[in-house]
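Below: the structure, in structure tokens.
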Ligand SMILES: Cc1ncc(C[n+]2csc(CCOP(=O)(O)OP(=O)(O)O)c2C)c(N)n1
Ligand SMILES: [Mg+2]
């Protein structure tokens, strides 16, 4: 007889920890799990699959975690990653920290070993105090010890992940919990359907008024859209606000497409001009972190600036520079209140400013155009990206995944996006290895075709998941920009012994990897080859890997952020 049961319970229907976790997930609409099986969660995965949850098994937990993180970003529901104890948990933890840093809702559920043994450090199978390890790396961490608490435990995890500023949550489920038995009725009653998991947070009317006064005073306004704005799914209101303001807008990387990059107000191709010369900057779901040079210094020019900052997290205000008009609330509510306050007759910004920005943009676009049309073999980045740019233009619903250094920075600038949340990349950390997990989750969550444009180094962090892509027959085309290495393939070891630290085997054929799993592999040496291969893949939806041969000398050190490499004071003497 199970612990805590009376004799009469024996004749009643029973449930257990396995089923209560499954029922709690389903009750809250969490129908997809990304993970890797093993003790103590193998049977749980099987049962979840049998119960109608989609359980996607990966080859490494880090990639499953990145998939869960981006699933959270795309759906506004926590993405679920499931791992085994200690090493599996640690493999998933990088992704959980990444989700927290990027404000993506995610729950890492890990099985753990026997508490009694772990706490006495007696050397259990995969022993680790996982809860303690996870805590500093995520938004919240919980452990459930009793089957009757599974409902509450999951509810707490869901709320913590999606409410306020979203982030990663760790949920520790000890092995013993899964087997615990309780009365089925009581179990059912213990489950919690989370109502209004991310309640609206309405900005104060005085804050909205202040922000509009600052915006109205601008002679050279600029709006910066961050991925927080894309996450909010307030696409129409954001578009209305930008258009009503008449201000140039600059999308951060993953906010590209919130309004089309071809929109007349888009200042993406005049970035340095608008950052330097603007006098009022309205940040919508964008942080003044390193990606915006902390809001100060050379990038931002001499002209004094006032910042209006719209964000759900009050502590974000004044994080780097003084904020003249903080507007704290969820992006949807804030933008709606601002639109309301603007009324029907908002004055357009001075034509001198909008004209100057438009002129700069056109000059830069014209300068770039011929470079994108070259048909060099081996390819340079511009020739290859010119082709992919057209492919996305013709397929605005496709999702673009992008990572690398040059492969990332140049693709971000060259490939225009037309719809919200279609560009998924390395995010706040500039982390390598998110590509395959992001591509898999994008295909699974949206059902749309995915184009993953990967540096050869970036791909190496997650490349084994091409088997996962083939196994689930996902409509993903991976294009590897193969320049024989990190940044460039031309480095030479001064000592002349081992290869240089940034180079790989020359002339590698990544296309052969996917053939091992029944996918389509293509070696493309010219933009024409590349175009044919990617178009065919996007049309067929067949798992495809294109090895795009890029001139090893074409890239630059660290792509666009070479300035962040430390320099020795000695060297400068
Ligand atoms: C997890 C992680 N490890 C290491 C790095 C450092 N890093 C930045 S870019 C990069 C690879 C760049 O090479 P590649 O992906 O081939 O792009 P390329 O510039 O050659 O086009 C590396 C290793 C990182 N950003 N993240
Ligand atoms: Mg490379």
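Miscellaneous remarks
- For residue 305, the requirement of being over 23 Å from residue 163 (Cα atoms) and touching a residue at least 12 places away in the same chain (Cβ under 8 Å) is met.
- Failed item, numbered, when residue 562 is tested on (1) closer than 24 Å to residue 414 by Cβ; (2) within 12 Å of ligand 1 (Cβ to nearest atom); (3) at pLDDT 95 or above: (3)
- Scanning segment 314-347 for residues that are loosely packed, with under 14 Cβ neighbours inside 10 Å and more than 15 Å from residue 240 (Cβ to Cβ) yields 314, 315, 318, 322, 347.
- For segment 390-415, filtering for residues that are closer than 17 Å to residue 437 by Cα and away from ligand 1 (no atom under 16 Å from the Cβ) leaves 2.
- Members of segment 451-496 that are within 16 Å of ligand 1 (Cβ to nearest atom) and on the phi > 0 side of the Ramachandran plot: 484, 485, 487
- Yes/no for residue 412 being away from ligand 2 (no atom under 16 Å from the Cβ) and either over 16 Å from the mean Cα position of the chain (by Cα) or more than 17 Å from residue 533 (Cβ to Cβ) (or both): no
- Listed by position, the helices (runs of 4 or more DSSP H) inside segment 432-544 whose residues that are within 22 Å of the chain's Cα centre (by Cα) and more than 15 Å from ligand 2 (Cβ to nearest atom) number at least 3 are 435-446, 466-471.
- Candidates 247, 229, filtered to the one that is assigned to a helix (DSSP H, G or I) and within 30 Å of residue 303 (Cα to Cα): 229
- With respect to the conditions (1) modelled with pLDDT of 95 or more; (2) part of a helix (DSSP H, G or I), residue 417 lacks only one, and its number is (2).
- Taking the criterion of being in contact with a helix residue (DSSP H, G or I) (Cβ under 9 Å, 6 or more places away or on another chain) and closer than 18 Å to residue 475 by Cα, the residues of segment 512-531 that qualify are 513, 514, 516, 517, 518, 519, 520, 521, 522, 530, 531.
- Flag if residue 51 is under 29 Å from residue 186 (Cα atoms) and more than 21 Å from the chain's Cα centre (by Cα): yes
- So residue 132, is it touching a strand residue (DSSP E or B) at 6+ places or on another chain (Cβ under 9 Å) and without any contact (Cβ under 8 Å) to a residue 24 or more places away in the chain: yes
- Subset of segment 389-399 that is closer than 16 Å to residue 372 by Cβ and out of contact with any helix residue (DSSP H, G or I) (no Cβ under 6 Å at 6 or more places or on another chain) - its residue that is nearest to ligand 2 (Cβ to nearest atom): 392
The values are calculated or read from the model by the stated rules, or taken from the named source; none is laboratory data. No experiment lies behind these values; they were computed from the predicted model shown. Note that we place each Cβ from the backbone using ideal geometry, even for glycine, and neighbour counts take in every protein chain shown.
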